[in-house]
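Quick notes on the structure that follows.
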Amino acid sequence: MLSTCLISPAFADQIVLDGFATLTYPNSVKLKKSGCQTIPITYETDGNLSRENTVFLVAIVPQTSKQTYGYAAWFSTLTYLGENALPPMARIGTLQVKVCRKAWIYSSKATKPTPAIKPGTYRIFFNAGNYDAVTGVLLDDKIEIIRTIKFS
């Protein structure tokens, strides 16, 4: 029998999105003086998690609004996309949440810049849910857990 033990640093917390995944994230992050950096969020999906139409994500937001400073998502195969559907992401891995010291454009489709992050305490959202296999609509049985993360 092979046993694996992962030792988490003292500054890490763990979240269980029941039926979806267990995620480990730093509860305190030292910001670089300039530029962008990624916040690693390790995950292991539940052994029974469907490899189709499931998603979970992590987002960093301020204490008083839902404006996102950075996020990352895990997707299984989204069958409503038909032939354009990508294969599911790995069952074990690391999501990289990008944050920057100056406002930045997340993608070419973005209409507003993602705001700059500065030292302080923020909320970190952990969400999970299922998509309808035909319509692609996110179903109502969502999970949302909110914790805090400190940037210094």
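Read-outs: derived from the displayed coordinates by stated rules, not from any lab. What you see is a predicted model; the values in this text were computed from it and never measured. No Cβ is skipped: glycine too gets one built from the backbone with ideal geometry, and neighbour counts run over all protein chains shown.
Of note:
- Residues with amide H under 5 Å from that of LEU31, placed H, sequence gap 5 or more: SER152
- The string of couplings for segment 27-32 from the Karplus curve (6.51, -1.76, 1.60, θ = phi - 60°) is 8, 9, 9, 8, 6, 5 Hz, one whole number per residue in order, with x for Gly and Pro.
- A simple packing score, the average count of other Cβ atoms within 10 Å per residue, orders the peptides 72-80, 19-27, 87-95 as 19-27, 72-80, 87-95, with the highest score first.
- The share of C-alpha pairs in the chain whose separation exceeds 25 Å stands at 35 percent.
- Stretchable slack from ARG91 to SER34, in nm (0.36 nm times residue separation minus alpha-carbon distance): 17.2 nm
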